[in-house]
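Notes for the one structure printed next.
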Amino acid sequence: MKKVLATMILVAVAMAPAFAATSVASLNGTYNFQVNGVSNQYGYNSCSGSTCTWHIVTGSCPTGESCENQTFPKASVGTMSFNGKGTATFVSIAQYNNGGGGPVAGTTCTYTISGFTGNLTKCATKGVSLNMGTVALSLGGFNTANIATTVLILSVDNSTNVSSGVASLQ
């Protein structure tokens, strides 16, 4: 009986971080992240020889061009620092395949946590507000200090461009 009780106590102590209350303090430290998604664009290709250039069109298609909707893959990778007090900073970021227009290194955001989910909001770089859309966070893999070691990321920049990824505590 003592062995069973001792085993149950050890299991309870090991699982305590998973049941502990979460707050903005649950995101604290530098995280490596990778986010992948698609960018839906309306436009046309113009070609010269074997080189073609995609031109994004807003509004009417130019006369003589054949416009269409295209879907392009995009990816962002980098590091992001959470201060445990509600402010996150992009330390480094690289964007690939039409992934431009998002945050750059030095961009700061406010983050909130409720339960095991949260949001990045009010992102700005050099005092200029960025329209990053909705960025939802899902916390998991807590360490003994009740810091999330894994964060799932879901980003929607408009009704057609969805990205998802993961961040890991360094």
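On the given criteria, is Gly86 at positive phi, surrounded by 14 or more Cβ atoms within 10 Å (Cβ to Cβ) and touching a residue at least 60 places away in the same chain (Cβ under 8 Å)? Yes; evaluated as a whole, the condition is true for this residue. Annotation: Ser81 fulfils all but one of (1) of a type in the set (Gly, Ala, Ser); (2) assigned to a strand (DSSP E or B); (3) on the phi > 0 side of the Ramachandran plot; the unmet one is (3). The residues on offer are Lys85, Lys74, and the sole one that is of a type in the set (D, E, K, R), at pLDDT 95 or above and touching a strand residue (DSSP E or B) at 6+ places or on another chain (Cβ under 9 Å) is Lys85.
When Tyr96 is tested against (1) at pLDDT below 85; (2) within 26 Å of Thr22 (Cβ to Cβ), just one condition goes unmet, and that condition is (2).
If you go through the range 1-58 and keep only what is polar (S, T, N, Q), closer than 30 Å to Thr110 by Cα, touching a Ser or Thr at 6+ places or on another chain (Cβ under 8 Å) and modelled with pLDDT of 90 or more, you end up with Thr30, Asn32, Gln34, Asn36.
In the set Ser39, Ser92, Ser76, Ser46, only one residue is in contact with a Phe, Trp or Tyr (Cβ under 6 Å, 6 or more places away or on another chain), in a strand (DSSP E or B) and not aliphatic (A, V, I, L, M); that residue is Ser39.
Thr63 satisfies every condition listed in (1) exposed (fewer than 14 other Cβ atoms within 10 Å of the Cβ); (2) in a strand (DSSP E or B); (3) not hydrophobic (A, V, I, L, M, F, W, C) except (2).
Residues of the range 24-56 that are over 18 Å from the mean Cα position of the chain (by Cα) and closer than 26 Å to Thr112 by Cα: Ala25 alone.
The values are calculated or read from the model by the stated rules, or taken from the named source; none is laboratory data. The structure presented is a predicted model; accordingly, all values stated were derived computationally and were not measured. A quick note on method: Cβ atoms are made from the backbone with ideal geometry, for glycine too, and the neighbour counts reach across all protein chains shown.
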